[in-house]
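K.L.:
After the structure tokens below, expect a handful of questions from me.
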Ligand SMILES: C[S@@+](CC[C@H](N)C(=O)[O-])C[C@H]1O[C@@H](n2cnc3c(N)ncnc32)[C@H](O)[C@@H]1O
């Protein structure tokens, strides 16, 4: 019988947000699987590194499972927390019979809430990450009575345009938290109209 696959949350990006437990499991792994950004944090370990490219996820998870079946200690790195728009859902879907050991990490959602001093038990947490464009059901999911903390899809300008087109005032505020925990972290409070005209990177949490 094979051992469990570790799915470890590595936090928002900077090393100081890693948990000691995550480090211990990672340092004792034979194989690390993760995005280039995740693996770069652990260049000093001797583990075999398997890069998880977005277009090759099923193939790479299959490879990780075969390492596990051969008896290696396999750890899949998930940025933030594996349970929020992370690798837990992906592995459960692609390899439902694989036994897993999930280690939580600090989600980008949590760090955004902390930076903005939002108690996140009062917030509406949403993800449209990975979606091509905002869809109609986003409107049903938004809750105007509390902060909506959202992992956006790639283009925040599209999200802003969509909200304006669906009845939000162009003057409605939006907060964009980009590259949280990195030296070039940026938090901006702007209007939807301004956000519509601007370009942000893919690593953002937004609050509406
Ligand atoms: C695949 S999802 C992973 C989310 C992750 N499981 C979490 O809990 O933060 C990747 C998205 O998370 C957000 N994200 C991850 N790290 C971030 C950071 N350091 N700053 C801002 N947003 C981040 C971005 O929206 C990015 O496109």
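Only the coordinates and a few stated rules stand behind these numbers; no lab work does. Nothing here was measured: the structure is a model prediction, and the numbers come from that model. When we count neighbours, we look across all protein chains shown, and the Cβ atoms used for this are built from the backbone with ideal geometry, even at glycine.
K.L.:
Under the Kirkwood approximation applied to all pairs of distinct alpha-carbon atoms, what is the hydrodynamic radius of segment 56-136 in Å?
P.N.:
After inverting the mean inverse Cα-Cα distance, the result is 14.8 Å.
K.L.:
Also: Taking a temperature of 25 °C and a viscosity of 0.890 mPa s, what whole-number D in µm²/s does Stokes-Einstein yield for segment 111-166 with Rh from Kirkwood over alpha carbon pairs?
P.N.:
204 µm²/s
K.L.:
What number, in percent, do you get for the relative contact order of the chain if the mean sequence gap of Cα pairs under 8 Å and at least 6 apart is divided by its residue count?
P.N.:
With pairs under 8 Å counted, the relative contact order is 21 percent.
K.L.:
Give me the extension gain from residue 190 to residue 48: residue separation times 0.36 nm, minus the current Cα-Cα distance, reported in nm with one decimal.
P.N.:
46.8 nm
K.L.:
Still on this structure, please answer the following. Average projected area of the Cα convex hull of the chain, in nm²?
P.N.:
Its Cα hull, projected and averaged over all orientations, spans 12.0 nm².
K.L.:
Report Rg(Cα)/(2.2 N^0.38 Å) for segment 5-106, keeping two decimals.
P.N.:
0.94
K.L.:
Could you list 182, 162 so that the one with the fewest beta carbons within 10 Å of its beta carbon is first and the one with the most is last?
P.N.:
If I rank by nearby Cβ atoms, fewest first, I get 182, 162.
K.L.:
Where is the GNM fluctuation largest for the chain (alpha-carbon springs, 10 angstrom cutoff): 154, 55, 37?
P.N.:
55
K.L.:
Which log10 I(q)/I(0) values, to two decimals, does segment 109-207 give at q = 0.20 Å⁻¹ under the Debye formula with one point per Cα?
P.N.:
Log-scaled intensity ratios, in q order: -1.02.
K.L.:
Same structure, new question: Can you put 4, 36 in order, fewest other beta carbons within 10 Å first?
P.N.:
In increasing order of surrounding Cβ atoms, one gets 36, 4.
K.L.:
To make sure I understand, if each residue's beta carbon is the centre and we count other beta carbons within 10 Å, what order do 198, 203 fall in, fewest to most?
P.N.:
Arranged by neighbour count, lowest to highest, 198, 203 become 198, 203.
K.L.:
Next up: Per DSSP H run of at least 4 residues, take -39500 (n - 2.57); add these up for the chain, divide by its residues and hand me the 222 nm value, nearest 500 deg cm²/dmol.
P.N.:
Estimated from H runs of four or more residues: -8000 deg cm²/dmol.
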